[in-house]
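These notes concern the structure reproduced below.
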Amino acid sequence: MENGDWGHKMTSPVTLNVGGHIYTTSLSTLQRYPDSMLGAMFRGDFPTTRDSHGNYFIDRDGTLFRYILNFLRTSELTLPVDFTETDLLRKEADFFQIEPLIQCLNDPKPLYPPDIFEQVVELSSTRKLSKYSNPVAVIITQLTITTKVHALLEGISNNFTKWNKHMMDTRDCQVSFTFGPCDYHQEVSLRVHLMDYIMKQGFTIRNTRVHHMSERANENTVEHHWTFCRPAHKVED
């Protein structure tokens, strides 16, 4: 940072480019915790880099930096109820060496009051594909719903009778549908209807993930997973 920059008042605006995201704040906010990396950086102890527009550039996760900056402004950690990137945010806090934020992330407050808990539904689609056909051919597809919310499983059994011939496995906490190569497209239709049904029961999507793997020489497996959550009141015994 150039020597002339230090003539700014503590309340002068400072613009940052963090991973392509632009933030404007005050020098006093960035120096709230003097022992942090940002405190040292804007004290002149560390070299700084500017982008083509003159903004201070930091090559970190620009999306998560909003939570870092809000913590610097308020000294309070406020995250959305459906926030799922705590581990990544902890890494960012560790990089910036903001010790109070690290402590908050290591000892988080519960998402819900003591009389509320979270119900979870897992929906997974597993598709086995032939490696040697062109276009790629579907060998078999399995759609599985896993949850401890038995009323939801009962509702699926009662409301999705159109697909009963594909229901291959039912357990205490799980229902599975299997589709062969001739009817795999029906799995897509069922999946859309199931996701709509689950969300109409008050669940929201918490996260999604995709996993690719090769189990056999002639097969690829693609797995899609969706996690749905909703708060519910605890029932006393």
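In segment 20-66, which residue that is in contact (Cβ under 8 Å) with a residue 24 or more places away in the chain and part of a strand (DSSP E or B) is most open to solvent (accessible area, probe 1.4 Å)?
Of everything passing the filter in segment 20-66, Ile22 is most open to solvent (accessible area, probe 1.4 Å).
Would segment 70-82 turn up any residue that is among the β-branched types (Val, Ile, Thr), surrounded by fewer than 13 Cβ atoms within 10 Å (Cβ to Cβ) and assigned to a loop (DSSP other than H, G, I, E, B)? Give the derivation first.
Restricting attention to segment 70-82, the residues satisfying the condition of being among the β-branched types (Val, Ile, Thr) are 74, 78, 81.
Narrowing the set further to residues that are surrounded by fewer than 13 Cβ atoms within 10 Å (Cβ to Cβ) leaves 74, 78, 81.
Filter once more, so that each one left must be assigned to a loop (DSSP other than H, G, I, E, B): 78, 81.
Scanning segment 70-82 turns up at least one residue that is among the β-branched types (Val, Ile, Thr), surrounded by fewer than 13 Cβ atoms within 10 Å (Cβ to Cβ) and assigned to a loop (DSSP other than H, G, I, E, B).
Pick out the one residue from Glu122, Glu92 that is within 23 Å of Arg66 (Cα to Cα), modelled with pLDDT of 90 or more and either acidic (Asp, Glu) or open to solvent by 60 Å² or more (accessible area, probe 1.4 Å) (or both).
Step by step, each of Glu122, Glu92 is checked, and only Glu92 is within 23 Å of Arg66 (Cα to Cα), modelled with pLDDT of 90 or more and either acidic (Asp, Glu) or open to solvent by 60 Å² or more (accessible area, probe 1.4 Å) (or both).
Using beta carbons and a limit of 6 Å, which pairs, at least six apart or on different chains, have the first residue in segment 155-177 and closer than 19 Å to Gln201 by Cβ and touching a residue at least 40 places away in the same chain (Cβ under 8 Å) and the second one assigned to a strand (DSSP E or B) and not aromatic (Phe, Trp, Tyr)?
Ile156/Val175
Taking Asn17 as meeting all but one of (1) surrounded by fewer than 18 Cβ atoms within 10 Å (Cβ to Cβ); (2) in contact with a His (Cβ under 8 Å, 6 or more places away or on another chain); (3) of a type outside the set (Lys, Arg), write down the number of the exception.
In the conditions (1) surrounded by fewer than 18 Cβ atoms within 10 Å (Cβ to Cβ); (2) in contact with a His (Cβ under 8 Å, 6 or more places away or on another chain); (3) of a type outside the set (Lys, Arg), Asn17 misses (1) alone.
Output the number of the condition that Leu105 fails; it satisfies all remaining conditions of (1) modelled with pLDDT of 90 or more; (2) among the aliphatic types (A, V, I, L, M); (3) open to solvent by less than 60 Å² (accessible area, probe 1.4 Å); (4) assigned to a helix (DSSP H, G or I).
In the conditions (1) modelled with pLDDT of 90 or more; (2) among the aliphatic types (A, V, I, L, M); (3) open to solvent by less than 60 Å² (accessible area, probe 1.4 Å); (4) assigned to a helix (DSSP H, G or I), Leu105 misses (1) alone.
Counting residues that are at pLDDT 80 or above, in contact with a helix residue (DSSP H, G or I) (Cβ under 7 Å, 6 or more places away or on another chain) and within 17 Å of Ser125 (Cβ to Cβ), which strands (runs of 3 or more DSSP E) fully inside segment 147-229 reach at least 1? So that I can check it myself, show each step before the final result.
Values: elements: 167-171, 174-179, 204-216.
Because the criterion is at least 1 residues that are at pLDDT 80 or above, in contact with a helix residue (DSSP H, G or I) (Cβ under 7 Å, 6 or more places away or on another chain) and within 17 Å of Ser125 (Cβ to Cβ), the strands (runs of 3 or more DSSP E) in segment 147-229 that meet it are 174-179.
The values are calculated or read from the model by the stated rules, or taken from the named source; none is laboratory data. Values in this document were obtained by computation on a predicted structure and should not be read as measured data. Don't worry about glycine lacking a Cβ; one is built from the backbone with ideal geometry, like all the others, and counts go over all protein chains shown. What goes into the accessible areas is simple: the full protein's heavy atoms, side chains included, and nothing from ligands, DNA or RNA. Shrake-Rupley method; radii C 1.70, N 1.55, O 1.52, S 1.80 Å.
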